[in-house]
Amino acid sequence: MKRKNLSVVNKIVQSSPTAKQPKLGFYSSLNQTHMCTVLDWGSLPHHVLLRIFQYLPLIDRAHASSVCRRWNEVFHIPDLWRKFEFELNQSATSYFKSTHPDLIQQIIQKHAAHLQYVSFKVDSSTESAEAACDILSQLVNCSIQTLGLISTAKPSFMNVSKCHFVSALTVVFVNSKSLSSIKIEDTPVDDPSLKILVANNSDTLRLLKMSSCPHVSSDGILCVADHCQGLRELALNYYILSDELLLALSSETHVHLEHLRIDVVSENPGQIEFHSIQKRSWDALIKHSPRVNVVMYFFVYEEEFETFFKEETPVTHLYFGRSVSKAVLGRIGLNCPRLIELVVCANGLQRLDDELIRIAERCTNLTALGLSECEVSCSAFVEFVRLRGTKLTQLSIMEEVLIPDEDYNLDEIHAEVSKYLGRVWFPDVMPIW
């Protein structure tokens with residue numbers, strides 16, 4: 001790289017008889033010192049340049065590699081290509097920048113053997129999902145450890161032909177041999193492809209997320225559990241969950257799960273009738289894996305909660321993405337003794353005073369609460385915090401949730417809550433844009 005020698009220029013200016021010599025203060029001396037000391041970016045250590053390159057998008061990496069020979073050397077260091085995200089979209093329908101096809105081919109040809117942590121981010125178009133499958137089909141010389149397929153909007157992968165998707169995924173399953181973390185949610189993956197997965201990666205698989213995969217059955221999940229003894233985290237849809245599956249996962253020959261995530265989703269109210277899980281099945285799972293976190297995400301309508309929480313349920317983390325009734329929250333206080341975190345995004349205009357206090361009294365492990373678009377009187381909320389005290393490590397309550405009463409108003413409640421929490425606390429405020 002050609003650069004002007006600023007120190008030489010500075011000496012010429014200073015020696016000129018017409019140059020006025022100002023009185024140097026501290027800051028002017030400091031500026032002259034910086035001018036005389038030129039930073040040579042080409043001489044930075046490899047590990048520093050590598051760290052910088054890791055933060056750059058692919059197109060910027062490519063541009064930077066043409067600056068000088070040293071930067072080009074860093075561009076080809078294997079460590080730079082261990083983690084990579086392919087971004088694929090149709091420019092007319094997407095907001096994020098797509099990875100250039102020529103650069104994708106360069107990565108596959110020169111760096112495929114180095115890839116270990118790979119993700120594909122695609123938009124809702126079928127073309128983008130098919131392009132991701134085409135790239136997967138070419139990853140024959142990889143040793144991938146983490147694979148993620150991310151759709152920024154539906155339907156994406158679900159619109160790709162099942163044969164094309166499974167064929168591409170099988171290439172990775174067969175050739176990697178060391179997959180430990182897989183996120184393939186909202187995809188047409190099926191039971192036979194899961195058998196191929198465990199046949200080649202049974203010793204390394206630790207995490208499997210595949211919610212909203214309609215072609216996967218309980219048999220496919222059991223196949224994974226039978227062979228992947230190191231599996232610690234599993235995410236699936238509620239429709240796959242059954243008493244038989246929970247009892248099978250509780251067998252001594254199966255894995256000891258640490259995280260079980262269950263997505264309960266309904267797109268059209270009234271079209272899905274949710275089945276119930278018996279208490280004895282949950283009890284068997286907890287006896288087999290006593291430290292398992294059971295995480296449940298609910299995206300259903302109020303009338304579809306009928307089968308849930310009527311018996312004791314060992315859920316530890318509950319997230320309600322849609323409105324949930326007082327009756328359901330009341331059952332949670334009665335039948336969810338292991339509850340650690342509760343997030344309610346909406347409830348309506350019925351106050352949740354009694355339900356919240358019952359949860360505080362009976363859910364003795366509760367440490368986190370989030371409330372939005374519901375109503376709780378200030379007095380009931382203070383009593384809830386008093387019962388839980390310093391055990392509440394996370395408390396996110398929108399200001400409009402709290403209803404002033406004869407005991408507390410919004411100006412007074414933060415001091416009372418802060419006293420019981422042992423730290424300063426204020427309700428969250430909706431930003432005004």
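The values are calculated or read from the model by the stated rules, or taken from the named source; none is laboratory data. As the structure is a prediction and not an experimental result, all values here were calculated from the model. Cβ placement follows ideal geometry from the backbone for every residue including glycine, while neighbour counts extend to all protein chains displayed. Note: areas computed on protein heavy atoms with side chains; ligands, DNA, RNA excluded. Shrake-Rupley method; radii C 1.70, N 1.55, O 1.52, S 1.80 Å.
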Give me, ordered by chain and number, the residues 5 or more places off Val324 or on other chains with an amide H under 5 Å from its own placed amide H.
Ala346, Asn347
Point-charge dipole on Cβ atoms (K/R +1, D/E -1) for the stretch 175-222, about Cα centre, debye to 20:
220 debye
Please go through the residue pairs Lys110/Lys195; Lys121/Lys177; Lys209/Lys391; Lys121/Lys154 and name each one whose alpha carbons sit more than 20 Å apart in this structure.
Lys110/Lys195; Lys121/Lys177; Lys209/Lys391
DSSP-assigned coil residues among GluC sites (Glu not before Pro) in the stretch 192-266, each with at most 11 further Cβ atoms within 10 Å
Glu252
Spin-label point model (7 Å from Cα, Cβ direction): what's the Lys162 to Gln105 distance in nm?
3.4 nm
Once the stretch 135-243 is represented by equal point scatterers at the alpha-carbon sites, with solvent omitted, what log10 I(q)/I(0) does the Debye formula produce at q = 0.16, 0.20, 0.24 Å⁻¹?
-0.66, -1.06, -1.55
In what order, largest first, do Met158, Met210 sit by accessible area if the probe radius is 1.4 Å?
Met158, Met210
Which length gain, in nm to one decimal place, applies between Arg351 and Lys279 when the Cα-Cα distance is subtracted from 0.36 nm times their residue separation?
22.9 nm
Taking r as the C-beta separation of Tyr301 and Ser43 and R0 as 60 Å, the FRET efficiency to the nearest 0.05 is 0.45
Given a Förster distance of 45 Å, report the FRET efficiency between Asp134 and Val424 from their Cβ-Cβ distance, rounded to the nearest 0.05.
0.25
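Let me know the longest stretch in the chain that avoids all trypsin sites (Lys or Arg not before Pro) found in a DSSP loop with at most 10 other C-beta atoms within 10 Å.
Answer - 24-290.
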Rounded to the nearest 0.05, what FRET efficiency do Asp243 and His215 give with R0 = 30 Å and r taken as the Cβ-Cβ distance? Could you check?
0.85
Residue-wise, which Karplus ³J(HN,Hα) couplings in Hz belong to the stretch 136-147, taking 6.51 cos²θ - 1.76 cosθ + 1.60, θ = phi - 60°, and x for glycine or proline?
4, 5, 8, 8, 8, 10, 9, 10, 5, 9, 10, 10
Going by a ≥ b ≥ c, the root eigenvalues of the Cα gyration tensor, does the stretch 336-433 fall in the rounded group (a/c under 1.5), the prolate group (a/b larger than b/c) or the oblate group?
rounded
With T = 25 °C, eta = 0.890 mPa s and Kirkwood Rh from C-alpha pairs, the Stokes-Einstein D of the chain in µm²/s is about 94 µm²/s
Between the residues Pro290, Ser276, Leu260, the Cα farthest towards the positive end of the dipole of the stretch 255-303, that dipole coming from +1 and -1 charges on the beta-carbon of Lys, Arg, Asp and Glu, is from Pro290
For the pair Ala113/Arg82, report the inter-label distance in nm, with labels modelled 7 Å from Cα in the Cβ direction.
1.7 nm
Taking the dipole about the Cα centre of the chain, with the C-beta of Lys and Arg at +1 and of Asp and Glu at -1, give me whichever of Leu49, Leu179, Val328 is farthest to the positive side.
Leu49
Once amide hydrogens are built 1.01 Å from N within the peptide plane, the residues lying 5 or more places from Ala235 or on another chain with amide H under 5 Å from its amide H are Leu208, Lys209, Met210, Arg261
For the chain, what does -39500 (n - 2.57) per DSSP helix run (n ≥ 4), summed and divided by total residues, give at 222 nm, in deg cm²/dmol to the nearest 500?
-11000 deg cm²/dmol
With charges only on Cβ, +1 for K and R and -1 for D and E, what is the dipole size of the chain about its Cα centre, in debye, rounded to 20?
2980 debye
Which cross-chain or sequence-distant (5 or more) residues have an amide H under 5 Å from the amide H of Gly148, H modelled 1.01 Å from N in plane?
Val118, Ser119, Phe120, Lys183
Through the Karplus equation 6.51 cos²θ - 1.76 cosθ + 1.60, θ set to phi - 60°, convert the phi angles of the stretch 173-188 into ³J(HN,Hα) values in whole Hz; use x for Gly and Pro.
4, 6, 8, 6, 6, 9, 5, 10, 9, 9, 10, 10, 6, 6, 9, x
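Could you sort His256, His317 by their accessible area in this structure, using a 1.4 Å probe and putting the largest first?
Values: His256 85, His317 35 Å².
My answer, sorted largest first, is His256, His317.
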For the stretch 69-85, in residue order, the Karplus 3J(HN,Hα) values (coefficients 6.51, -1.76, 1.60; θ = phi - 60°; whole Hz; Gly and Pro = x) are 5, 5, 5, 5, 5, 5, 4, 9, 5, x, 4, 5, 10, 5, 10, 8, 10
Here the gain from full extension of Cys68 to Ser396, 0.36 nm per residue of separation minus their alpha-carbon distance, amounts to 113.1 nm
Area of Ile52 that stays accessible when all protein chains are in place (1.4 Å probe, Å², to 10)
70 Å²
